[in-house]
Amino acid sequence: MKRFISIIVAMLCLTLAFAFAACSKGDADLTPPPSDTGGGQTEQPDQPEQPEPPEQSEEEIPENSILLTTANAHNSATAYFSASYTDSGIVLSAYVKDDDVKADIFYSSGYDDNVEYLIGTQYGSAAGWEAGRTLHFLITADGDTIFQKAVSSNGWGESYALDLLCVNGVNFSYSSELTSYGYKTEVYIGYELLGTDATSGRNNIYVCPAMRNTHDYGDTVWSPFQEGGCEWSNASSFLRVDENEGYVLQNGG
């Protein structure tokens, strides 16, 4: 009898041992595998490298440029002026380095950042501008313009008056563009607007450039070019534009 009881007890122990082993294996199967990256974070796929944007380089300044720097209380700006002739007229270009371009002065576009020119043909020594033959052109950083003809030695007519006889896209055109370094402008003026032609006008047009550097309405500075004896108020002192050299700093050279 005792032997029978011992066999039953042994069989019960063996059954319990198998059951415990089976439960242990089942628990192990439910345990998630350890993460490869640690901290329970899922590894992210490698992101492709993004190309860097190209650097915006300053546009090449034309050869034979003359420069004019104007400083207000906030910053300084430099205009590089160049000029060239075509078969039908003269082209005046400006590349302006300015990290504070202002073009929204509501009072007058003449107070925005701008460049301007007095243009004419040579005449004898006299004060002021030659009436009917001296032109004034102003262009702002964002393309607003003023175009006038002298009506006296110290006065201008109406902007784009009929007696200018300019036809945009024919004997006159202009452009303005904001750039990574400031802005650039260009104006083309046909010989006929200056009362001359290609034969007489080439190498014999005289110009005085100027610029304005504005931060706000109360902080704006205007400066004319003054090297080479050039005077804004005296057309006989303007700089001659040479076909090969551009602006000639020695007047009449």
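The values are calculated or read from the model by the stated rules, or taken from the named source; none is laboratory data. The shown structure was predicted, so the numbers you read here are calculated from the model rather than taken from an experiment. Every residue, glycine among them, receives a Cβ derived from its backbone with ideal geometry; neighbour counts consider all protein chains shown.
Here are Y123, Y80, Y111: which of them is surrounded by fewer than 19 Cβ atoms within 10 Å (Cβ to Cβ) and in contact with a Pro (Cβ under 8 Å, 6 or more places away or on another chain)?
None of the others qualify; the one that does is Y80.
Quick one: count up the residues across the range 169-228 that are acidic (D, E) and assigned to a strand (DSSP E or B).
Residues in the range 169-228 being acidic (D, E) and assigned to a strand (DSSP E or B): 4 in total.
Being touching a strand residue (DSSP E or B) at 6+ places or on another chain (Cβ under 6 Å) and of a type in the set (F, W, Y) is the filter; apply it to the range 99-120 and report the residue that is nearest to G190 (Cα to Cα).
Y117
Do you know which of the residues in the range 229-253 that are over 31 Å from the mean Cα position of the chain (by Cα) and part of a loop (DSSP other than H, G, I, E, B) is modelled with the lowest pLDDT?
Once the filter is applied, the top-ranked residue is G253.
Is the range 154-172 home to any residue that is within 21 Å of C230 (Cα to Cα) and loosely packed, with under 14 Cβ neighbours inside 10 Å?
Looking through the range 154-172, at least one residue is within 21 Å of C230 (Cα to Cα) and loosely packed, with under 14 Cβ neighbours inside 10 Å.
Given S223, S159, which one is at pLDDT 95 or above, of a type outside the set (V, I, T), closer than 20 Å to V96 by Cα and touching a strand residue (DSSP E or B) at 6+ places or on another chain (Cβ under 8 Å)?
S223
What pairs come out if I take residues in the range 169-187 that are on the phi > 0 side of the Ramachandran plot and pair them with residues that are of a type outside the set (D, E) and assigned to a strand (DSSP E or B) whose C-beta lies under 8 Å away, six or more apart or interchain?
Within 8 Å, the pairs are G182/A77; G182/Y95; G182/V96; G182/K97.
Only one of (1) closer than 17 Å to L135 by Cα; (2) charged (D, E, K, R); (3) exposed (fewer than 15 other Cβ atoms within 10 Å of the Cβ) fails for D99. Which number is that?
(1)
Kindly provide the set of residues from the range 199-232 that are surrounded by 14 or more Cβ atoms within 10 Å (Cβ to Cβ) and closer than 14 Å to G120 by Cα, ordered by number.
Matches in the range 199-232: G201, R202, N204, I205, Y206, V207, C208, P209, C230, E231, W232.
Answer yes or no: is there a residue in the range 146-159 that is within 30 Å of Y95 (Cβ to Cβ), touching a helix residue (DSSP H, G or I) at 6+ places or on another chain (Cβ under 9 Å) and of a type in the set (G, A, S).
yes
Just give me the residues in the range 85-128 being part of a loop (DSSP other than H, G, I, E, B), within 29 Å of G182 (Cβ to Cβ) and among the aromatic types (F, W, Y), in sequence order.
Answer for the range 85-128, where residues must be part of a loop (DSSP other than H, G, I, E, B), within 29 Å of G182 (Cβ to Cβ) and among the aromatic types (F, W, Y): F106, Y107.
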